[in-house]
Each structure stands twice: as C-alpha cells, then as structure tokens.
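The values are calculated or read from the model by the stated rules, or taken from the named source; none is laboratory data. The structure presented is a predicted model; accordingly, all values stated were derived computationally and were not measured. Don't worry about glycine lacking a Cβ; one is built from the backbone with ideal geometry, like all the others, and counts go over all protein chains shown.
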Amino acid sequence: MIQIILQIATVNILIATLGMATPLILGSISGMYSELSGIINLGIEGMMIMGAFGAGIISLATGNPWLGVLFGIFLGGCMGLIHALLCIKFRANQSVVGVGINILAGGIPAVMLQYYWGNPGRTPQVASIKNISIPLLNKIPAIGAVFGDINPLTLIALFIVAGSHLLIYYTPFGLRVRAVGHHPKAVDTSGKNVFFIRYVSVIISGLLAGLGGSYLSVAQLSMFVNEMTAGRGFIALAAMIFGKRTPLGCFGAALLFGFADALQMTLQAVGVPIASDFLLMIPYVLTMIALAGFVGKTVDPVALGKPYVKS
Amino acid sequence: MINKEKQPLYHKFRNSLIQSVGKMADPIIAIIMALLVGSIIIAITGDDVLLAITSLVLGAFGNMRSLGQSFLAATPILFTGLAFAVAYRSGIFNIGAEGQFLVGAIAGAYVGTLFIGLPSYLYITMVLLAGAIFGALWAFLPAILKIKLGVHEVINVIMLNKIALYFTNWLVSSSGPFRMGSTLPATPFVCPSVRFQPIFPNSPMNVGYFIGMVIAYVIYLIMWKTKGGFQMRAVGHNLYAAKFSGIYAERSMVKAFMLSGALAGIGGAMEICSVFGRFYAGFSPGYGFEGIAVSLLGNNHPAGIIISSILFGALKTGAMRMQILAGTNVNLVKVLQALIIFFVASRWSLVKVISNYKEKKRRLKTSDSSLSKEGGNK
C-alpha cells in the first residue's frame, strides 16, 4: 500500500494533472461565459469535438499545429454562433439546442473525414505542439518541474483563467455580462444591448471550447479520433457548477477533476488490483459527490435559461 | 381584438384549419429543410445526391425486409423518446435515458438467463419488468439528489450515464460476474423463450414495436387521464402554480423521473428480447440522446413519438444502404437529426411566419391610413 502511494506521489502526477486539466479548464471557463450571461450551454462537448476536429484536420493539411489550433478555435466559435442564434434570436430551449449541438458535432467529423481521408474514424498522425520548458520558473523548488515540461496551450489556458478573472470582475464588459445573466431588463433599461452582450458571451464560450478541443487533438494526442472528447465537455460543465461560475473556482474544480483523471491513469499504470472500469469511474463519481456534498446550493444566474424578450 | 369578433364563421373555420394543418406541416417542413441541408453536405463531399437520397428512402422502406429493419431500429428510440417526453412534460430534463437504458438492458439480459422453462409470455413480461425496475432505480438517484440537495439533474444524469457504461462494461468484463463463460465481453444468450420471433416471412420485424405502441398508449393515459399524470404535467408547466394548488411537487417529480427511467429500462430489456439476445459491452450507440430528438420532433406526445421514432428508425436503416450505394457516411444521419432538432426547437413555424407577415402588412396599412387621416385632420 505504502509502496503504491510512493509510486503515485511523484511530481509526474502534478504534470499529468495539469495536462489532463487543460481541456477542462478551458471548457469550464467556456461554460462560465455562456451561463453568466444567462444562456445554458450543454453543447460544450460538441464545441470541443469540433475544435479538436478543426485543429486535427488543418494541422494535417498544413503541417502547422498552430494554424490548426486557430481553425479549431474558429470552428468552436461557429458552433457558439449557432447556439447563440438559436437560443437568443429564435428563443429555442437552450438545453435542447445544446444536445443538438452535441449530436451535430458527433456527425460532421465522420462525414468530413470519410471525404477527406477515407477513414471516418480518425485522422493519421498530425503535427503537434510540443511541451516546452520555461526558464526561471522551472527553478522553483517543488512545483518547478511542472513548468519544466508544460504545453504552450496549457500556459495559454492559465493566462485565460487570469484574464477572465480580470475581464469578469474588473471591466465594464464583465459587469454587463454578469448583469445580463441576472437582470437583463435592468441592462436594457440602462441602454446597453442585451442581445449583443449575450451573443458575444456565447461566441466567446464557443471559441474557448474550441481551444480546449484543439488541445486534445494537437497537444495531448497528435491525431483526431472520433468522439475523442469522451465526455470531457460534460465534466467541464460540472467543474463550472462546482466552481460556482467564477474563473478561479472553475480553475480549481478543473484541477481537481484533472487530478482524478491523472490519478486514475497512474493507478492503472502502477497496476493496482482494481478493475480498470472502476478506475475510469473515479472522475464521474467524484463529480457527483462533489456536487451533492461540498458545493451546497449554487446560486444560478437568475435569468439563466430564460430568453429575453424586448418589450 | 375587436376585429376578430367581427370575423364571419367561415373565417374562423378557415383559420383553425390552417392552424391544425400548420401544426402538422411544421415538423414535415423541418424534415425537408434538414434533408435539403443534408443534400448540400452530400454534394460538398462529392457524392451523388440523388442516388444518396433515393437509396436512403429505398433502404428504409423499399421492401419488407428493410421495412422490418426500420421498425426494429425504431423500437429502442421509441422507448427513450417516451422516457424523455414523460420527464420533459414534468419539468425534468432527463438526458440520462442512455444510462437507464443500459442498466435496464443488462438487468433484462441477466433475468433472461435465470429461469429456464418458464412460459414465453410470462418470462418476457418478467424480463421487461426487470428492465423497468432497474431503469427506475437508476433514475431514482438523480431524482432524490435533486429534491433533497437541489443538485441540478442534468449533470448528475450525465455522470450516471458514464458510470452505467463503465459499470455494465465491468459486469461483462473478464473479471465481472455476468460474463459466465462467454467468449466475448457479453452475457450468455438468454433463454430462447424470451426472444421474439419474426411475425412476417421475409422480414425481421417482430412484436416489439407493437408492444411499444401499447406502452405509448398507456403513457398517454397515465399522463393525460389520471390525477398523478395531471400533477406531473402541472409541475412541469408551472412549478409555483402547482405548489400553490397543493400538489406535492417533489413527490411528483420523483414519480416522473422514475417513470421516465422505467421506460428507458424497458427499452433496454426490449432490445435484448427483440434483437440481440444478450448484453454486450457498449450496448447502446447513443439511443438515449436520439430519444431526445425523437421526442422533440413528436412534440413530446406519445402519438407524435410513435411517428417520429419510425422516421428516425427509417433514417438509420436507410443510411446503411446509402453508405453502401452512394458512399456517404452513416453519420450523416446524426447531422440530419441535429438539424431537425434545431428546426423544431427554434419553433420556426410556417403559419406563424405567414400570419406575422400579414399582421405586419395590416399594421403598415392601418398606420398609413391613420397617418393620412391625421394629415387630413390638420
């Protein structure tokens, strides 16, 4: 037992945690923007798949993973735009549209891959973004090793967390986003465009989810595989609720789930005598326990899920 | 408003006729729009659009064999669609039919191997009941977490979907208790008396879909003709009004959630009886999510779900043929499903568009005339 713990408790698990957490961080921040503005976004999973697909296919075509990431972000943004149009303009049920986005994203990559590559399941090996070592930071004792082997996209994710915190709490735009989620009428009365703010928030949500998806196909693996997000979008959603829709909260929750994932993988690698299926359940069970036990009542934005009708 | 009262009777009749035809027309238009966008995608990928669409239709309805296949494919999504509809009408968003379906299926498969020699009708009932019970139990957990701790059900059922997947995978894995010596990661085959027999020659079609239709009718009776069903729908329609009128909203929600889970569970057990005869790892290719689309297209009403499930079953069956003949990937069907969801969910309605247009015109006219009147007064 002690031996197993010693095998697990190395700095490698920290590195793995940050790696596994990156798509969750981006996904949960993505969900946060949308939900703060009052639009439920169950489509994060689908937006991430499209991001992963876009990144994979362009990285394959051009050999430049960064162009791939850009295209992945773009595709995610497109899905965000679809979500925004249907939810804001057509006032469709937001959860239903999210499910539709997920189904759509489950179909498009296979159809396009069949056309592009002849194999509907996955792309061949694509160029990927390699981990880097940051000078100075990697000299910090204990956690320095994390910065000695970090993916640039993970670094970007960390900047996005900090940036989002500033944007949401220290800028007029952030205030408006939060206000639109709580009391759209008040925002409207003060002369700001409710619809515009919601559109921007949901599209930002799509862009970030696309970036999170890109990480999967050009950084974590160097190929796109159908349904490679494997429910990460939903875990990101849970992380967002766990983090109470604050950037730092989302970050912490995503790290926790990333840790559960990393732990599960390490345990499998070490070879503990537990069936792998139960290890795979860890993140999901943890989510349920976390939501039931530790979060307490979350305060949803008051106008969450309610389309705004200008009177 | 005053204008309406002055309308002659035939106008009223005409309007109501247009309304009802419009209600029927909207989903059909949604399907046509989806097919249109779908054919654009087919064209982009460089396949023969006409061949693809005809093989899609013929592959679904062309002969008795494919017709039977379509009905077989429609059966599981009929149940998951009903499951979603019951919950949706009761104010719960149950996207956990996937997990409930899996749990129901493995319970059915297990019970199906236990009692050899029971008469067929009794045994099939037992298998379906097992599916219903375990499906309902799987739905009970998120329901109780929702009403006791206020945890939003959507996240929990998504987590339970994954947990159900891994748990059932484990049950039939090499170290799991349900493997019982089969070579694949699957349970052994159920007793022959549990399995449905084809009812027509040259067609795999069996009694499963008809049982589904009966159950859909029962659900209609429960939801629309009983007190409990009324309470569930009242809670779904307006929680606060229902609470004020003295309905135990929490109890009603738990009931609806469990009924929903039971339906998905029966769907899983039915799939054992009707098609596969055993449970294997990764049993459901997303039936739970398809059920949402089916239910929405059918206006979350049992009668509508019967029609839309046949449509979706046909789409899936036809897609196989489409892939073989025209080379378009089966997954195009998912795109079509998503588009149908979008069109239906956005409540885009021909009647509304036309009436809005007329209204606008009328308003413009009246405002013009009033303007000119004002001008005249001056």
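What to note about this one:
- When B:Ser173, B:Ser193 are checked against the criterion of being more than 15 Å from B:Leu114 (Cα to Cα) and of a type in the set (Ser, Thr, Tyr), B:Ser173 stands alone in meeting it.
- Qualifying positions in region B:283-296 - within 12 Å of another protein chain (Cβ to nearest Cβ) and small (Gly, Ala, Ser): B:Gly286, B:Gly288, B:Gly291, B:Ala293, B:Ser295
- Residue within region B:307-318 that is in contact with a helix residue (DSSP H, G or I) (Cβ under 9 Å, 6 or more places away or on another chain), within 11 Å of chain A (Cβ to nearest Cβ) and not β-branched (Val, Ile, Thr) present: no
- When restricted to residues that are hydrophobic (A, V, I, L, M, F, W, C) and surrounded by fewer than 19 Cβ atoms within 10 Å (Cβ to Cβ), region A:162-197 contains 8.
- Looking at A:Ala292, A:Ala209, A:Ala262, A:Ala254, just one residue is more than 14 Å from every other protein chain (Cβ to nearest Cβ), in a helix (DSSP H, G or I), surrounded by fewer than 24 Cβ atoms within 10 Å (Cβ to Cβ) and touching a helix residue (DSSP H, G or I) at 6+ places or on another chain (Cβ under 7 Å), and that residue is A:Ala262.
- Those residues of region B:165-192 which are touching a Leu at 6+ places or on another chain (Cβ under 7 Å), within 15 Å of B:Gly108 (Cβ to Cβ) and more than 10 Å from chain A (Cβ to nearest Cβ), in sequence order: B:Phe178
- Residues satisfying the criterion are present in region B:237-256 (criterion: within 23 Å of B:Gly288 (Cα to Cα) and of a type in the set (S, T, N, Q)).
- Number of residues in region B:103-160 that are assigned to a loop (DSSP other than H, G, I, E, B) and either within 12 Å of chain A (Cβ to nearest Cβ) or modelled with pLDDT of 85 or more (or both): the value is 3.
- Any hit, region A:268-281, residues being assigned to a helix (DSSP H, G or I), more than 8 Å from chain B (Cβ to nearest Cβ), in contact (Cβ under 8 Å) with a residue 60 or more places away in the chain and not polar (S, T, N, Q): yes
- Among residues of region B:174-215 being of a type in the set (Val, Ile, Thr) and outside any loop (DSSP other than H, G, I, E, B), the one that is modelled with the lowest pLDDT is B:Val194.
- Counting only residues that are under 28 Å from the mean Cα position of the chain (by Cα) and not hydrophobic (A, V, I, L, M, F, W, C), region B:172-201 holds 4 of them.
- Sole residue being part of a helix (DSSP H, G or I), more than 26 Å from A:Asp277 (Cα to Cα) and without any contact (Cβ under 8 Å) to a residue 24 or more places away in the chain, chosen from B:Phe257, B:Phe230: B:Phe230
- Candidates in region B:39-69 are the residues that are more than 14 Å from chain A (Cβ to nearest Cβ) and hydroxyl-bearing (Ser, Thr, Tyr); of these, the one that is surrounded by the fewest Cβ atoms within 10 Å (Cβ to Cβ) is B:Thr54.
- Set A:Gly19, A:Gly43, A:Gly51: member being within 15 Å of the chain's Cα centre (by Cα) and under 13 Å from A:Val202 (Cα atoms): A:Gly43
- Subset of region B:300-316 [out of contact with any Phe, Trp or Tyr (no Cβ under 7 Å at 6 or more places or on another chain) and under 21 Å from A:Leu104 (Cβ atoms)]: B:Ser308, B:Ser309, B:Leu311, B:Phe312, B:Leu315, B:Lys316
- Residues of region B:76-96 classified as crowded, with 24+ Cβ neighbours inside 10 Å and at pLDDT 90 or above, total: 13
- Looking across region A:21-63, the residues that are within 25 Å of A:Pro124 (Cβ to Cβ) and hydrophobic (A, V, I, L, M, F, W, C) come down to A:Met47, A:Met48, A:Ile49, A:Met50, A:Ala52, A:Phe53, A:Ala55, A:Ile57, A:Ile58, A:Leu60, A:Ala61.
- Here A:Ser59, A:Ser95 are screened, and the one residue that is within 21 Å of A:Arg232 (Cα to Cα) and in contact (Cβ under 8 Å) with a residue 60 or more places away in the chain is A:Ser95.
- Flag for A:Tyr199 being hydroxyl-bearing (Ser, Thr, Tyr), part of a helix (DSSP H, G or I) and more than 20 Å from the chain's Cα centre (by Cα): no
- Leading residue by the ranking (nearest to A:Ile39 (Cα to Cα)) among those in region A:185-206 that are basic (Lys, Arg) and in contact with a helix residue (DSSP H, G or I) (Cβ under 6 Å, 6 or more places away or on another chain): A:Arg198
- Among the candidates B:Gly318, B:Gly267, B:Gly277, B:Gly304, the residue that is within 20 Å of A:Ile103 (Cβ to Cβ), more than 14 Å from the chain's Cα centre (by Cα) and either surrounded by 20 or more Cβ atoms within 10 Å (Cβ to Cβ) or modelled with pLDDT of 85 or more (or both) is uniquely B:Gly318.
- Residue match in region B:31-41 (condition: modelled with pLDDT under 80 and over 30 Å from B:Leu239 (Cβ atoms)): no
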